[in-house]
Amino acid sequence: MDNTPDNIIEIRNVTKQFGSTKVLHDLSLDVKRGERLVMLGGSGAGKSTLLNLMAAETRPTSGTIKIDGTDICAMSDGQMDDYRKTMGVLFQSGALFNSLTLAENIALPLQEHTDLDQSTIDTIVTMKLNLVGLLAHADKYPSEISGGMKKRAGLGRALALDPKVIFYDEPSAGLDPVSVTEIDKLMVDLNETTGVTTVVITHEMTSAFRIATRLVLLDQGQFVADGSPDEMKQSDNPLVHQFVHGLLAGPLTDRKDTTAYHDALLKPGR
């Protein structure tokens, strides 16, 4: 993993610990400029923690994270605030303000973080709404639209400041299959038309293979695989094979069964 202009994100030897619990263990990862990277892993694998670190929502216990060559771990709190304005984040819920229309939701970061006049902001909002297919719904409130439309509106707001990277936290969560397909296509289209680097957490394997140009698999706070969709599908690593194909038998379930047995043995009163 050499430093190169092709990398927009460079993670080196990152560990994250909460109290005595170590969630991430000495991780290193490069994210290529303009790629669509999907991070896979079971519950508790460390995906959300890693995403939060890259989005500067928290700091690592040790290690470095460079975005466009700048170590965000060495930034002051004020510098991290400025950095966050260059990133876009789509949360599971869309995180829209219910008291604002869709247009007002998208306008908000422009009003808060730029000196643009209202006419220019209105033009940008129109462009972003059109980009996510919601221009006809600009004056609607979040309570008046579907879950899929809320995700698209949230994405429009994430795009408002023309971010270098968009981080997606389970973008398919809570959506019906057709809406999932629409969101997946939108993510790919935005990446291909704007060149924005795309980093996604998802449990939906169909979505993962539809979106990704590259996938990584996290397990117990460590990377166990990194490859193209075809490489991951054809992996002979038993853990990767079980996770990717959703199999009942394999090291993941063997480990759970063993852990449950040990916990039962140690349970007080037994």
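The values are calculated or read from the model by the stated rules, or taken from the named source; none is laboratory data. Bear in mind that the values here come from a model prediction, so they are computed numbers and not experimental data. Please note: Cβ atoms are built from the backbone with ideal geometry, for glycine as well, and neighbour counts cover all protein chains shown.
Of all residues in segment 158-185, those satisfying the criterion of being in a helix (DSSP H, G or I) and out of contact with any Leu (no Cβ under 7 Å at 6 or more places or on another chain) are P177, V178, S179, V180, T181, E182, D184, K185. Taking segment 116-137 as the range and being part of a loop (DSSP other than H, G, I, E, B) and crowded, with 19+ Cβ neighbours inside 10 Å as the test, the residues that pass are V132, L134. Scanning segment 150-178 for residues that are farther than 19 Å from N191 by Cα and either among the aliphatic types (A, V, I, L, M) or touching a strand residue (DSSP E or B) at 6+ places or on another chain (Cβ under 9 Å) (or both) turns up A173, L175, V178.
Residues in segment 195-226 that are among the small types (G, A, S) and on the phi > 0 side of the Ramachandran plot were compared, and the one that is surrounded by the fewest Cβ atoms within 10 Å (Cβ to Cβ) is G195. Taking residues in segment 223-246 that are assigned to a helix (DSSP H, G or I), and partners anywhere that are small (G, A, S), the pairs with Cβ atoms closer than 6 Å and at least 6 places apart or on different chains are P229/A212; P238/G250; V240/A225; H241/S235; Q242/G250.
One line per residue, one yes/no per condition, for (1) surrounded by 15 or more Cβ atoms within 10 Å (Cβ to Cβ); (2) assigned by TED's automatic domain parsing to the domain that holds V196; (3) without any contact (Cβ under 8 Å) to a residue 24 or more places away in the chain:
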| site | (1), (2), (3) |
| --- | --- |
| N13 | no, yes, no |
| L29 | yes, yes, no |
| G34 | yes, yes, no |
| T64 | yes, yes, no |
| M75 | yes, yes, yes |
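Residues that are buried (at least 16 other Cβ atoms within 10 Å of the Cβ) and within 24 Å of D162 (Cβ to Cβ) within segment 174-187 comprise E182, I183, D184, L186, M187, listed in sequence order. Pairing residues of segment 152-164 that are buried (at least 24 other Cβ atoms within 10 Å of the Cβ) with residues that are among the hydroxyl-bearing types (S, T, Y), at Cβ distances under 9 Å and at least 6 apart in sequence or on separate chains, gives G154/S93; L155/Y168; A158/Y168. Restricting the search to strands (runs of 3 or more DSSP E) fully inside segment 30-115 and requiring at least 3 residues that are at pLDDT 95 or above and among the aliphatic types (A, V, I, L, M) gives 36-40.
Here A153, A136, A173 are screened, and the one residue that is within 18 Å of the chain's Cα centre (by Cα) and either β-branched (V, I, T) or not assigned by TED's automatic domain parsing to the domain that holds T194 (or both) is A153.
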